[in-house]
Amino acid sequence: MRKIFAIVHYEYKMQFMCLAAWGILLAATVLSQLDNFPSAGNLARLEFLKEPAYYVYRIMSLDSLILLFGLLFLLAGRLPLDAKTGMKPLLLSSALRKGQYVWGKLLGGFLYVFSMLCIFLLLNTGIYFIAAPFAISLSACVVPLVKAVFVSVIPVSLFVSFCSIALPGMMDIRLFYLLAAVFFGFNASYVGSADAMPFYLLTSGDLVRLIWVHPRWPFVSMGSVAANGLFLVGSGLASAGLLFLKHRFWRAE
Amino acid sequence: MMKRMAGRTAERTAEQTAGKIAVRMAGEIKICGINFFLVSAAFTAALILFAAIAGELLDFYPVSFEVLFPFYAAIAAGEWGKTRADSNFDIIAAQSKSLFQWVLLRFATVFGIVSLFAVFGMAASSAMRYELPLAELLVMYFPPAFFLSSLCALSGILCRQEHAAAAVCGLVWLITLLTRSLLRHPGFAFIYLFIRFAGDPNQIWLWNKGIVTAAGLFLWVLLYRKCRRF
């Protein structure tokens, strides 16, 4: 267990100090503020922007996609990089086991994506709370934020981190980028509707409807919510499982 | 007599230069490796299959050749045609006669091969579902592909970190997809990368393609200036 924690700590530290990730966070925040800042123009354009729950819902379902896509690119190199820099032979020569190495990498990546997403939501909601030209209670902002963390941030972080760390360990990284781009592009261009959303959406699936529900589309299908959650968690765990099944990835034990 | 000799010398020089470029391009293809061809072929095959099974409701050509293939061209230019992230970059920068020529040749090789795959994909898709002429598909594909790949090449020379160039292009690509609603502002349609995908509300797509190509060329001016500073 101590070895897993050591790898988690190292991964988290290395990723957290990466300047590119902070640049992506900054760019995503600027773009989300351009779209959602509670200015007179945006308040006139977006009907429900006065509701903090809608604001958190919108940030999570639309703008977090940019941050997640950027983090995916940065995380995708974690396993190939160890092989390229010669770290892997060093690790293989130590008493480290495959499970310890893989779980350390995956959990480090998960905690990192989770932290960045939480910082992104906190930062945006903080700006909204300070800049809104109308009175908002603190609890009106905190409640949807906590909901978003438990309902959406955890499964989305798990999906993005596990898939982007595990899959490039098994396939060509450019092919992974291409598949990820198709998936994210589909998510970005999918338009919301009153019906149940497809279960295979990342941030705009029915899970986010638990944060805020459109007054004209009050229907929330719990089956679709569960399917969306299962897809995100299941795909993440399945990617990790594939890495365990690949025998050539580690020495024979 | 003197004129003839001068003409022959010029011909020989041109042949030698062309030969050198061909040899260097062959070297670049070797550096790219087999995965480049396998992934490109798999992607093209997937698009052709998609063309066969996709229904008429889907706007297939803009999705495939204006949005997806240009992004693949950018990934290829950033990942297989990497420059500063190349482990031999310092040696090449110190010893090569012109760093810009090296960057341009590497870019041209990768971009050219991906574009050949794209043209093959267009021809095969058109054979199955003739909706647009090939020339129009080429005009639809080339400007966004050139712009995104050039952006990748520029990011590649600016950032030493591996995959950073692809990440920059990926973000630009996704942000462009997410900002489709900005087409409500007059003038934005002229610079929007995926104008046919967005439905071309003002019927100005040819102007748009020209501006995007010019923006791509401008990126090469920046790249040239950056290369001269090394």
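The values are calculated or read from the model by the stated rules, or taken from the named source; none is laboratory data. Here the structure is a predicted model, which is why all the values come from computation and not from measurement. In this analysis, Cβ positions are derived from the backbone assuming ideal geometry, glycine residues included, and neighbour counts consider all displayed protein chains.
Quick notes on this one:
- Only one of B:L182, B:L171, B:L177 that is crowded, with 17+ Cβ neighbours inside 10 Å, closer than 20 Å to A:S189 by Cα, without any contact (Cβ under 8 Å) to a residue 24 or more places away in the chain and within 12 Å of chain A (Cβ to nearest Cβ): B:L171
- Scope the range A:164-202; condition touching a His at 6+ places or on another chain (Cβ under 9 Å) and either free of Cβ contacts under 8 Å to residues at least 40 places away in the same chain or exposed (fewer than 15 other Cβ atoms within 10 Å of the Cβ) (or both); matching residues: A:G192, A:A194
- When A:V142, A:V146 are checked against the criterion of being exposed (fewer than 15 other Cβ atoms within 10 Å of the Cβ) and closer than 20 Å to A:Q33 by Cα, A:V142 stands alone in meeting it.
- Some residue of the range B:129-147 being more than 14 Å from every other protein chain (Cβ to nearest Cβ), in contact with a Phe, Trp or Tyr (Cβ under 6 Å, 6 or more places away or on another chain), in contact (Cβ under 8 Å) with a residue 40 or more places away in the chain and surrounded by fewer than 20 Cβ atoms within 10 Å (Cβ to Cβ): yes
- Leading residue by the ranking (nearest to A:Y112 (Cα to Cα)) among those in the range A:18-36 that are surrounded by 17 or more Cβ atoms within 10 Å (Cβ to Cβ) and more than 12 Å from chain B (Cβ to nearest Cβ): A:T29
- Only listed residue being out of contact with any Leu (no Cβ under 8 Å at 6 or more places or on another chain) and farther than 26 Å from B:W173 by Cα, chosen from A:A140, A:A148, A:A240: A:A140
- Residue among A:R216, A:R209 that is surrounded by 23 or more Cβ atoms within 10 Å (Cβ to Cβ) and charged (D, E, K, R): A:R209
- Residue within the range A:227-239 that is closer than 30 Å to B:E79 by Cβ, over 16 Å from the mean Cα position of the chain (by Cα), at pLDDT 90 or above and not in a loop (DSSP other than H, G, I, E, B) present: yes
- Against the test of being over 14 Å from the mean Cα position of the chain (by Cα) and within 11 Å of another protein chain (Cβ to nearest Cβ), the options B:E79, B:E162 yield a single qualifying residue, B:E162.
A quick yes/no check of all residues on (1) within 14 Å of chain B (Cβ to nearest Cβ); (2) more than 24 Å from A:I59 (Cα to Cα); (3) assigned to a helix (DSSP H, G or I):
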site	(1), (2), (3)
A:P144	no, no, yes
A:V156	no, no, yes
A:V160	yes, no, yes
A:M171	yes, yes, no
A:A180	yes, no, yes
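- Set A:W217, A:W212: member being touching a residue at least 60 places away in the same chain (Cβ under 8 Å), away from every other protein chain (no Cβ under 14 Å) and among the aromatic types (F, W, Y): A:W212
- Within the range B:178-196, considering residues that are within 21 Å of the chain's Cα centre (by Cα) and part of a helix (DSSP H, G or I), the one farthest from B:F146 (Cα to Cα): B:F190
- Checking each residue in the range A:51-90 for being in a helix (DSSP H, G or I), surrounded by fewer than 17 Cβ atoms within 10 Å (Cβ to Cβ) and more than 9 Å from chain B (Cβ to nearest Cβ) picks out A:A83, A:M87, A:P89, A:L90.
Rundown of residues vs (1) out of contact with any Leu (no Cβ under 9 Å at 6 or more places or on another chain); (2) in contact (Cβ under 8 Å) with a residue 24 or more places away in the chain, yes/no style:
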site: B:Y61; (1), (2): no, yes
site: B:S64; (1), (2): no, yes
site: B:L68; (1), (2): no, no
site: B:F71; (1), (2): no, yes
site: B:I75; (1), (2): no, yes
site: B:E79; (1), (2): yes, yes
site: B:T83; (1), (2): no, yes
site: B:I92; (1), (2): no, no
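- Taking the listed residues B:A10, B:A108, the one that is among the small types (G, A, S) and modelled with pLDDT of 90 or more is B:A108, with no other qualifying.
- Test result for B:G199, within 14 Å of another protein chain (Cβ to nearest Cβ) and outside any helix (DSSP H, G or I): yes
- Residue within the range B:160-167 that is without any contact (Cβ under 8 Å) to a residue 24 or more places away in the chain, assigned by TED's automatic domain parsing to the domain that holds B:A85 and crowded, with 17+ Cβ neighbours inside 10 Å present: yes
Yes or no, residue by residue, for (1) closer than 23 Å to B:F69 by Cβ; (2) surrounded by 15 or more Cβ atoms within 10 Å (Cβ to Cβ):
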site	(1), (2)
B:A189	yes, yes
B:L193	yes, yes
B:A198	yes, yes
B:W205	yes, yes
B:K209	yes, yes
B:A214	yes, no
B:F218	yes, no
B:F230	no, no
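- Looking only at residues of the range A:182-200 that are in a loop (DSSP other than H, G, I, E, B) and within 14 Å of another protein chain (Cβ to nearest Cβ), we find that the one that is modelled with the highest pLDDT is A:Y190.
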